[in-house]
Ligand code: GLC
């Protein structure tokens, strides 16, 4: 009797101790700068600790191309990818394809993040993705050149243009023929919507939609802000900027060929990397304002991790999400890649503060951002954004003026929203 029950007990114990059959989780990460590499190292640590495997799927670096690919896969109900890195603007568009993470990860995991990032990823009461990093548009500048020619860090867009022109002229006169004044994301894609929103919001030109979803895009201050940006093309900014996304802008700035750059925090780790020609010669600040009484504001960006409803292993996939979005992993990514944590307590971590002092210095800038109207527009956000970036791109390219292009964009937005009802 004893023997028999002892044998059963032992068998149960052995089963419990045996590692569960390893499962392979496919994870689609973005690949801007060293993002893919950081994703891989994090996911591999989880795999070795949990006894599972990860298969990394590289996805396009342009936000809208990534969205198109994910939409195709998810609309087909494909279980090929278990975990998706999604953009902060996509929960409304893709949310219905993702599991609610709360039952898997518990309320505590969500409670440690900035409440706004959790709210952003919540659709119809379900937590569709766990915040992974936050982004905010920043102004990068060449500290050495501003010092050399006696200029302050520009507080207004006007001052940015004047300083860029002066430094550019001096550098060119000294034989630096490739030098340009300002690089940013001017290609017709999501990144241009972010840049344009910053120009508008810092100039009293609104935020495309107001709080109630009313379309405010077409207004005199927005028109003036766009005209100002159009005046940069071919003067302080190269014409090529009309085809720059994040990495093209960084390449020019990092090569030492631009005085100013607008980019996200990830660029900080790279422009200061050991192999960067401008290492130690770069400063970072809040974006300029349109003038007195205005505030410079970075667009809110960022990423989150979601588990597909079509995954064969949602619990294990959710465990990978738990690991990657944990404070420890977010701090590792902040130190190695300047990815901003979505967990307030991480900003008090001594190792992070020692490695990235700008995160404490610019804490206000990094956390007081202007959000794109993605929650208001819901699944129609990508169409809204493409109307905006096309109108802006046309204006920067000299195809029609800001007033005509914004008026046309306003009409398109009205049709898209059925007269302001999103
Ligand atoms: C960054 C931001 C993201 C934004 C994208 C635009 O990846 O994190 O939110 O949509 O840039 O290019």
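The values are calculated or read from the model by the stated rules, or taken from the named source; none is laboratory data. What you see is a predicted model, and the numbers here were worked out from it, not measured in a lab. Note: ideal-geometry Cβ built from the backbone for every residue, glycine included; neighbour counts use all protein chains shown.
So the values come out like this:
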item: Complete set of residues in segment 327-341 that are within 17 Å of residue 48 (Cβ to Cβ) and in contact (Cβ under 8 Å) with a residue 40 or more places away in the chain; result: 329, 332
item: Residue within segment 172-180 that is modelled with pLDDT of 95 or more and either within 15 Å of the ligand (Cβ to nearest atom) or in contact with a strand residue (DSSP E or B) (Cβ under 8 Å, 6 or more places away or on another chain) (or both) present; result: yes
item: Options 321, 278; residue that is modelled with pLDDT of 95 or more and more than 20 Å from residue 184 (Cα to Cα); result: 321
item: Restricting segment 364-390 to residues that are at pLDDT 95 or above and over 22 Å from residue 212 (Cβ atoms), the residue that is surrounded by the most Cβ atoms within 10 Å (Cβ to Cβ); result: 389
item: Selection status of residue 134, within 16 Å of the ligand (Cβ to nearest atom) and at pLDDT 95 or above; result: yes
item: Segment 32-87 - residue that is touching a strand residue (DSSP E or B) at 6+ places or on another chain (Cβ under 7 Å) and part of a loop (DSSP other than H, G, I, E, B) and, of those, nearest to residue 121 (Cα to Cα); result: 82
item: Residue within segment 264-274 that is without any contact (Cβ under 8 Å) to a residue 60 or more places away in the chain, out of contact with any strand residue (DSSP E or B) (no Cβ under 7 Å at 6 or more places or on another chain) and under 22 Å from residue 244 (Cα atoms) present; result: yes
item: Single condition residue 98 does not satisfy, out of (1) surrounded by fewer than 22 Cβ atoms within 10 Å (Cβ to Cβ); (2) touching a residue at least 24 places away in the same chain (Cβ under 8 Å); (3) not assigned by TED's automatic domain parsing to the domain that holds residue 225; result: (1)
